[in-house]
1. Put a dot 7 Å past each Cα toward the Cβ at A:T21 and B:N156; how far apart are the dots in nm?
2. From the phi angles alone, apply the Karplus equation (6.51, -1.76, 1.60; θ = phi - 60°) to region B:151-161 and give each ³J(HN,Hα) in whole Hz, x where the residue is Gly or Pro.
3. Under 5 Å between amide hydrogens, which residues at least 5 positions from B:R26 or on another chain qualify, with H placed 1.01 Å from N in the peptide plane?
4. Scan chain B and hand back the longest stretch that contains none of the GluC sites (Glu not before Pro) lying in DSSP loops with at most 11 other Cβ atoms within 10 Å.
5. Checking understanding here: applying a Kyte-Doolittle mean of at least -0.5 and a length along the axis of at least 15 Å (C-alpha), which whole DSSP H helices in chain B pass?
6. Report the Rg/Rh value for the protein assembly as shown, based on alpha-carbon coordinates and the Kirkwood definition of Rh.
7. Quick one: pull the percentage of alpha-carbon pairs in chain B with a separation above 31 Å.
8. For B:G152, what charge total do you get from the other residues with a beta carbon under 9 Å from its beta carbon, if Lys and Arg give +1 and Asp and Glu give -1?
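Every number here is computed from the coordinates shown, using simple stated rules; none is lab data. Computed from a predicted structure; not experimentally measured. Don't worry about glycine lacking a Cβ; one is built from the backbone with ideal geometry, like all the others, and counts go over all protein chains shown.
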Amino acid sequence: MTTVFAAGKYLSWGVVSISLTNLLIIVAMVVVFALALVLPFPRDHHDGHSDGTGS
Amino acid sequence: MTDTWTAGVRHRISHLVPEGQALPDRQPAYVASWIYVFGVATLAALIVVVGSGVVLAIGGPVWWHTSGLGHFVNSVHLWSVELFFAVMVIHLWGKFWMAAWRGHRGLTWVTGVIAFVTSIGTAFTGYLSQTDFQSQWISGEAKDGINSIGIGAFFNVLNPSQMLLWHVVLLPLAVGLIAVLHIVLVRRHGVVPPLGDELDHRPSDPREGATR
């Protein structure tokens, strides 16, 4: 079986050159980062005692 | 306490982190946010990376190049590394924007930086250790860069045996040690509170630790 690796698509702005795949991965990471800031974190409803200090 | 080196070491180990903070089952309320998940996600990915790497070391290059199971474990190793770096960078972004070096946490920040840089070196030598045309091409591209910073004489990227040994022994050991140190420091000083949180500089905060 022969596997052919095609050259990926590259985007260029002046001296900056990045593959489309890498750009999409970075964008996805930024999206995950933003979602982590805004999405509510599930809380344990059975844990009625929350003094905010840990132990 | 008796004046022996064993007692001294025991005392230091037992006082590395405040009592109850080595494996805590409760965290401050502000930790209930997805942004605090990425540190432990990095650790989880690292465990998969090391585990799959151990299996690859048992099977060897011919196994991971020619068998179905070998291909699978090789892919697990690759994609766990990709996940490791993705969540580590998001962890870095989160900690950077919350200025996580506050409250005597400078060394925690620095050990994180060292862990990140060492991980890049480990991944790089991994790409050089694939024993295929890709690793050959990458080493050919890398040699000039490595030579330009003056270390090519003793860190020869064109020497697959040396790169493999760095990848499976030296660098994982370094990453593991620095990760342990990083986690101990996190447990020692506590998870950094959000900017402006009143707990930030409260001297009686148990997470600050009286044994610092």
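1. Taking the simple label geometry, B:N156 and A:T21 are separated by 3.1 nm.
2. 3J(HN,Hα) across region B:151-161, in whole Hz: 10, x, 5, 10, 10, 9, 5, 8, 9, x, 5.
3. A:S55
4. Working: sites that count: B:E19, B:E198.
The reported range is B:20-197.
5. Passing helices, by number: B:38-59, B:68-97, B:106-128, B:171-189.
6. Numbers: Rg = 22.1 Å, Rh = 21.6 Å.
Across the protein assembly as shown, the Cα-based Rg/Rh ratio is 1.02.
7. On the way: 7739 of 22366 pairs.
Within chain B, distances greater than 31 Å cover 35 percent of Cα pairs.
8. Working: positive: B:K143; negative: B:D144.
Summing Lys/Arg as +1 and Asp/Glu as -1 gives 0.
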